1. Would you pick out the residues in the stretch 309-324 that are closer than 19 Å to H177 by Cβ, touching a residue at least 12 places away in the same chain (Cβ under 8 Å) and more than 16 Å from the ligand (Cβ to nearest atom)?
2. If you check K64, K2, which single one turns out to be touching a Leu at 6+ places or on another chain (Cβ under 7 Å) and either under 19 Å from P136 (Cβ atoms) or among the hydroxyl-bearing types (S, T, Y) (or both)?
3. Among the residues of the stretch 262-280, write down those that are within 12 Å of the ligand (Cβ to nearest atom), in a helix (DSSP H, G or I) and closer than 19 Å to G238 by Cβ.
4. If I370 meets every condition in (1) away from the ligand (no atom under 12 Å from the Cβ); (2) farther than 28 Å from I219 by Cα; (3) in contact with a Leu (Cβ under 8 Å, 6 or more places away or on another chain) apart from one, which number is that one?
5. Those residues that are assigned to a helix (DSSP H, G or I) and within 16 Å of V63 (Cα to Cα), I need them from the stretch 91-148; list them, please.
6. Can you pull out every residue in the stretch 10-39 that is of a type in the set (D, E) and part of a loop (DSSP other than H, G, I, E, B)?
7. For the stretch 324-392, give me every one of the helices (runs of 4 or more DSSP H) that falls completely inside it and has 3 or more residues that are under 24 Å from the mean Cα position of the chain (by Cα) and more than 23 Å from K302 (Cα to Cα).
8. Scanning the stretch 168-184 for residues that are more than 15 Å from I210 (Cβ to Cβ) and among the basic types (K, R), which turns out surrounded by the most Cβ atoms within 10 Å (Cβ to Cβ)?
Amino acid sequence: MKILSVNAGSSSLKFTLFELPEKKELINGTFEKIGIGNSFYTLKINGEKIRREVDLTDHGVAVKYLMDELINNKIISSLDEIDGIGHRVVQGGALYNKTVLVDEKVIKDIEDLADLAPLHNKAHVIGIKAFIEALPNTPNTVVFDTAFHQTMEEDKFLYPIPYELYEKYNIRKYGFHGTSHRFITNSISEYLNRMDLKIISCHIGNGSSITAIKNGKVIDTSMGLTPLAGVMMGTRCGDIDPSIIPFIMKKENLNADQISDLLNKKSGLLGISGVSSDSRDIEDGLNNGNKRCMLAQKMCVKTIVNYIAMYNNLLNGADVICFTAGIGENSILTREMIAESLSSLGIKIDKERNNVRGKFALISSDDSKIPMYVVPTNEELMIAIDTYNLIK
Ligand code: AMP
């Protein structure tokens, strides 16, 4: 079966076409700057990269180009060969704890949940509708970032604010990166041949979240009502004293959108270093003696270490710690600094084993109390597998 995995943003559309059950990637690509001018798309087929500048007035036009490319490159000979389309959706609220087939109610629910993820959910619906229009007979599924976290219990997902606000507005922790944490759980459980693992899954990328998992179920996770909470990230602040928000608003005369922008887009590694949100630039900076880059790196590591230690306690001792996503898979320095700060838990990194990027690998020494692994994530494949399982 050929399954398309789609991630639609407000002005972008990323896709990967898989052959399943072989898990073979046939083509992937990204359409960018949709509806905002200077639009273009890039494709990767058999290791070859193609870039074309075209006028992408809306998502429907991008889908049309995508279908033409699939046929012109002889990936498919007719659109009927696409057996299913899986869409990433950021916010499924408390309504969805698993992947579902798209129908009118599902679309309305995603729209209604836009209050909790305004930029993302609205864009996802535009993407879903564009594919339904282009391929009216092909089943679509939605895979929610929040679904895997729905096993959290009330004492973990509630905030200590008046209970009525939870009842009135559903203010609670939802958690994100669920598709990635589920992929990591499946990969490490399969590798160690154990389904009863206590896992601390560290998805550390531009956005980062740490999740505690027991017997395949999420116990707690670091992101919250929105992906702003938890550890310090590329441009997001993570957990801070909430009083800082009204304080800055008053002092800097900012409205709600402006303070949200400051905490989401100008904080984290970027805010502290003043240099970049990209961990490679931060590493370059600290290697060249930039003190603010060193400070940003140390602060970021500290917040990750705090969550790992807290979740180790919550799990009453983890069996395994996994690192994934851009930084988790590639930053040797970040993993080393995290492990060194966890020595009180008997964690020991093996520097030679840790000298690895983007590959599944054991990185702790044999006498480490908790083994640590790099486990590359693949959210697109997880979305395609879910879709395949639902429609086969
Ligand atoms: P993601 O959001 O998962 O795509 O991750 C993006 C982050 O991964 C950025 O901060 C990148 O700097 C970081 N990253 C990617 N490759 C490397 C690398 N080789 N070394 C350090 N950080 C990396």
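1. Y311, L314, L315, A318, V320, I321
2. Residue meeting the stated conditions: K2.
3. G268, L269, L270, S273, S279
4. For I370, the exception is condition (2).
5. A123, H124, V125, I126, G127, I128, K129, A130, F131, I132, E133, A134
6. The answer is E22, and nothing else.
7. The qualifying helices (runs of 4 or more DSSP H) are 379-391.
8. Here the residue is R172.
The values are calculated or read from the model by the stated rules, or taken from the named source; none is laboratory data. This structure is a prediction, so every number in the text was calculated from the model and none was measured. Glycine gets a Cβ as well: all are built from the backbone with ideal geometry, and neighbour counts include every protein chain shown.
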